[in-house]
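Just so it is clear, none of the values below were taken in a lab; they were calculated from the coordinates. None of the values given here were measured: they were computed from a predicted structure. Note that we place each Cβ from the backbone using ideal geometry, even for glycine, and neighbour counts take in every protein chain shown.
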Amino acid sequence: MTAARPKAPAGSGWPRQLARLIALVLLCAVALQLTFALRILLMNGVDPQSTAFQRSEAWRLLAEDGRLRWRQQWVDDARLSVHLKRAVIASEDSAFASHSGVDWESVEKAWERNQRAEARAQRQQAGRPAGARKVEPKVIGGSTITQQLAKNLFLSGERTALRKGQEFALTLMLEGLLSKRRLLEIYLNSVEWGEGVFGAQAAAQHYFRTDAARLGPEQAARLAVMLPAPKRFEKLPGSPYVVARAATIVVRMGAVELP
């Protein structure tokens, strides 16, 4: 007669199940990162047809008015105006050619300015009557061109610590697997320049009735000014602010180091 096995204490299987669950989550996370890395590696020879941001905007516009508004035409690096390259770098990321994906000095400055903006908003809110609309601080970013590209290519617009961590990981992958010239080429061909207007070629035609290769210094600088808020500036592309800011960028363009 075989002796009965002693029963395992109740709950003794949970540590093993938890370990398996953690291992599965880690495996999925690694698989996701490998998938991202493979997609980025393929971009050395394959132009991305769309980005996560573009698809999100296309669906939003389609839901709003029932029309798919999407203007984009890829142009190779050689057909992108050198003035546009200089203007965008001067305006968005002056250290683009030299940093490794993240400009920590800019991140620190942005954090300090955002802290001051938050403090000002709190003081303004304290001086308002109870129930008044909350004063929102004006938040600025310290993102590089590579970080912006990582976010546009793969991520949603939500602001969470997890999404920011993924953005940093993608930034390092982009910098490690693609050249700076290729990064700038993809960025200029995919970035938003207005409602449903994506890429340098569509922007050049939309605002100046010309090709991306023929943009002059002033035209390129005005397009660069629009990048932080293209939907807002699209309504007044020749506003005094845009013109004045563009003049400043033109002056800076001569010192820009191209990749």
statement: Length gained if Arg214 through Leu62 is fully extended, taking 0.36 nm per residue and subtracting the Cα-Cα distance, is 51.5 nm
- request: Compute the signed sum of charges (Lys and Arg +1, Asp and Glu -1) over the other residues within less than 12 Å, Cβ to Cβ, of Ser94.
  value: -3
- request: Could you work out the equivalent-ellipsoid semi-axes for the stretch 193-259, taking the square root of 5 times each eigenvalue of the Cα gyration tensor, largest first, in whole Å?
  value: 18, 15, 10
message: Per 0.36 nm of contour for each residue apart, how much would the distance between Leu172 and Leu18 grow if the chain were fully extended, relative to their Cα-Cα spacing?
response: 52.3 nm
query: Among the aspartates and glutamates, which fall within straight-line cross-link reach of Lys231, defined as a Cα-Cα distance under 18 Å, with same-chain neighbours fewer than 8 residues apart omitted?
result: Glu57, Glu64, Asp65, Glu92, Glu192, Glu195
